[in-house]
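A short reminder: the numbers here are calculations on the coordinates, not readings from a lab. Please read these numbers as outputs of a predicted model, since none were measured by experiment. Cβ placement follows ideal geometry from the backbone for every residue including glycine, while neighbour counts extend to all protein chains displayed.
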Amino acid sequence: MVLTPIGVVRSSVSDRQAMPTFGVPARVEIFPEFAEGLRHVQKHTHVWILAWLHEADRTRLLVTPRGVSDPGEAGLHGVFAVRSPTRPNPIAMTAARIERIEGTTLYLDRLDFVDGTPVVDVKPYFRSRDAIYAAHNEQIGRPAGRQALLESLLIQAENFHGERCGGVVFGARLVEHFRSTFLDFAEAWGTQVIVPEDAGCMIDAVMTLVGATPGRGTLGFHSAPFVRFIRGDRAYTYVLLEPGRRWASWTALPVEDVLAASEEELFRAGSAPLRVK
Ligand SMILES: [Zn+2]
């Protein structure tokens, strides 16, 4: 097998250790001889970028993934069970949104490949085949901290909802608090949730971040100003303090304000045994 690089990544980050988990805005320069291959690529909002991680270790089949605290045997994962660059064929794939195209350069919202990484393929991201909403992953490692968890939740919620608006940020902050405070950073998958019916964009964030859907009976609506997460025999209630005081409505939450607000300004959280009616 012979792979021919078709382009190269141009990024502000050139040190792998300095690359944020979810990458940074970057561009992919397709080499002129492959320019024709880009025809109609603008029909797609997102693309898969496949890159060759030429500096990767190709000899190991077991790695201790980021965030896994056990450095011994129990923490080892097979390379086919993780996205580590370490693998026999160091092909990496990251989906990214095309912000704009100039000539043969794709400007992407975020890419976790360092500057100079050879690109071996570009493929459209197909909503019909690539988005498997029911897919689920057991947690591999702990998030590095609350900020890292929030950043990851914001990206997931934004990907589901289509934009990062105030409601999405509010929902991500609720789920981040719930997971870090009550679940010791564990996944919230399998949580039942009840949301205010007028909470707009926030509902999208909460439902995707805990994997709740009305059809499965895990997402319910009510008219009271609180969000309730239910797991096992406990209920976790978040009384929402905003909007109503500072902000006019759910649909008018300013992103920066919701990001900057303290938790005391946003909600009051409590947990109690579930009363079975
Ligand atoms: Zn929105």
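In this simple spin-label approximation, GLU138 and HIS54 carry label points 7 Å from Cα along the Cα→Cβ vector, and these lie 3.8 nm apart. Working from label points 7 Å from Cα in the Cα-to-Cβ sense, the GLU36 to ARG16 distance is 3.6 nm. Annotation for the range 1-43 versus the range 193-231: alpha-carbon center distance of 38 Å. Of all alpha-carbon pairs in the range 159-248, indicate the percentage at a distance above 19 angstrom. Of the Cα pairs, 33 percent sit more than 19 Å apart. Expressed per residue, the C-alpha convex hull volume of the chain stands at 159 Å³. For the chain, the longest principal axis of the C-alpha atoms and the axis of helix 201-210 are separated by about 70°. Counting only DSSP beta bridges whose two residues both lie in the chain, roughly 90 percent are antiparallel. Helix 146-161 axis versus longest C-alpha principal axis of the chain: approximately 80°, rounded to the nearest ten.
Evaluating 6.51 cos²θ - 1.76 cosθ + 1.60 at θ = phi - 60° for every residue in the range 229-234, the Karplus couplings come out as 9, 10, 9, x, 9, 10 Hz, glycine and proline recorded as x.
Note on the range 115-236: antiparallel DSSP beta bridges, both residues inside, total approximately 60 percent of the bridges counted.
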